[in-house]
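Remarks on the structure that follows.
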Amino acid sequence: MDLSKEFWSKRYTEDKTGWDLGTISEPLKKYFDQLTNKELKILIPGCGNGHEAEYLFKKGFNNVHLLDFAKEPLDNFEKRVPEFPAEKLHNEDFFKHKEEYDLIVEQTLFCAIDPKLRMNYARKAKELLGDEGRLIGLLFEMDSNDHPPFGGDRVEYLNYFNSFFDEVKIDSCYNSIKPREGRELFVIAK
């Protein structure tokens with residue numbers, strides 16, 4: 001399957017973005033609501049239309065960075081949140097990105113990349129985080145498909161993240177939206 005920049009751009013231009021809830025997901029909202037340090041440098045890779053970033057930014061988190069392979073979702077975000085700093089919008093490949101963050105928010109990238117790249121994803125996430133950094137987010141627990149979203153299971157995910165992080169916790173989400181109930185896991189990797 002071709003998962004190129006062109007593939008993802010076409011999904012946005014043809015409005016084939018079934019993963020986009022049109023708002024922040026409840027599990028991430030609940031996590032963000034307990035954060036007190038508004039100075040955190042946060043990366044949301046594979047950000048899509050950036051509902052999580054919009055939520056954080058409007059709550060006073062001013063060091064949020066969005067990264068997406070496709071330009072269209074970043075353009076959509078910029079139109080919706082014109083006061084967001086343009087220099088914090090990164091139209092590039094996650095695996096080539098070079099900065100350091102306190103927090104990486106996983107929402108849709110992990111299930112969108114070729115599953116063969118998952119170990120590389122965990123390695124790159126660790127590389128982008130400072131010593132006290134953490135990755136948090138949502139993963140799908142479901143049979144894998146031959147197209148995105150690619151599934152997997154808790155044991156598989158623990159294998160990837162335990163290879164690079166000191167402490168990994170993966171729990172079933174109790175507050176997923178109806179269509180995702182029983183299929184979402186919340187990960188925290190320190």
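From the residues Thr36, Trp8, Ile24, which one has its Cα farthest along the dipole of the stretch 2-48 in the positive direction, the dipole being from +1 and -1 charges on Cβ of Lys/Arg and Asp/Glu about the Cα centre?
Working it through, the farthest residue towards the positive pole turns out to be Thr36.
Stokes-Einstein D for the stretch 134-175 at 37 °C, 0.692 mPa s, Kirkwood Rh over Cα pairs, in µm²/s? Mind showing how you got there, number by number?
Working: Rh = 11.4 Å.
It comes out at roughly 288 µm²/s.
Dipole magnitude of the chain about its Cα centre, charges +1 at Lys/Arg Cβ and -1 at Asp/Glu Cβ only, in debye to the nearest 20?
That gives a dipole near 160 debye.
Give me the count of lysine pairs in the stretch 60-190 whose alpha carbons sit under 23 angstrom apart, restricted to pairs 8 or more positions apart or on different chains.
Lysine pairs satisfying the spacing and distance rule in the stretch 60-190 number 27.
Going through the stretch 112-190, which chymotrypsin sites (Phe, Trp or Tyr not before Pro) have at most 13 other Cβ atoms within 10 Å and a DSSP loop state?
Tyr174
What is the spin-label model distance, in nm, from Leu117 to Lys79 if the labels are put 7 Å beyond Cα along the C-beta direction?
Calculated label separation equals 2.6 nm.
GNM, the chain, Cα, under 10 Å: largest mean-square fluctuation among Pro85, Pro115, Pro73?
Maximum among the listed residues: Pro85.
Rounded, prolate or oblate, given the Cα gyration tensor of the stretch 114-190, with a/c below 1.5 counting as rounded?
The shape class here is oblate.
Which FRET efficiency, nearest 0.05, do Glu14 and Lys59 yield, Cβ-Cβ r, R0 30 Å?
0.40
Taking a temperature of 4 °C and a viscosity of 1.567 mPa s, what whole-number D in µm²/s does Stokes-Einstein yield for the stretch 22-105 with Rh from Kirkwood over alpha carbon pairs?
101
Using a 10 Å Cβ count of at most 11 others and DSSP loop calls, identify the longest part of the chain lacking such GluC sites (Glu not before Pro).
Counting at most 11 other Cβ atoms within 10 Å as exposed, the longest clean stretch of the chain is 100-166.
With θ set to phi - 60° and the Karplus curve 6.51 cos²θ - 1.76 cosθ + 1.60, what are the ³J(HN,Hα) couplings of the stretch 157-171 in order, to the nearest whole Hz, using x for Gly and Pro?
For the stretch 157-171, the Karplus-derived couplings read 5, 4, 4, 5, 6, 5, 5, 10, 10, 6, 9, 10, 10, 10, 10 Hz, x marking Gly and Pro.
Once you charge only the Cβ atoms, +1 for Lys and Arg and -1 for Asp and Glu, what is the size of the charge dipole of the stretch 46-91 about its Cα centre, to the nearest 20 debye?
So the dipole magnitude of the stretch 46-91 works out to roughly 140 debye.
Measuring from centroid to centroid over Cα atoms, what is the spacing of the stretch 123-190 and the stretch 4-78 in Å?
17
Show that you can apply the helix-only estimate: for the chain, add -39,500 (n - 2.57) for every DSSP H stretch of four or more residues, divide by all residues, and state [θ] at 222 nm to the nearest 500.
Helix-only estimate at 222 nm: -8500 deg cm²/dmol.
When N is the residue count of the chain, what does its C-alpha Rg come to as a fraction of 2.2 N^0.38 Å?
Dividing the Cα radius of gyration by 2.2 N^0.38 Å gives 0.95.
Test of understanding: ordering Met142, Met119 by Cβ neighbours within 10 Å, fewest first, what list do you get?
Going from least to most buried by this count: Met119, Met142.
Throughout, read-outs are computed from the coordinates displayed, never taken from laboratory work. Keep in mind the model is a prediction, meaning the values are calculated, not measured. Glycine also receives a Cβ, built like all others from the backbone with ideal geometry; neighbour counts cover every protein chain displayed.
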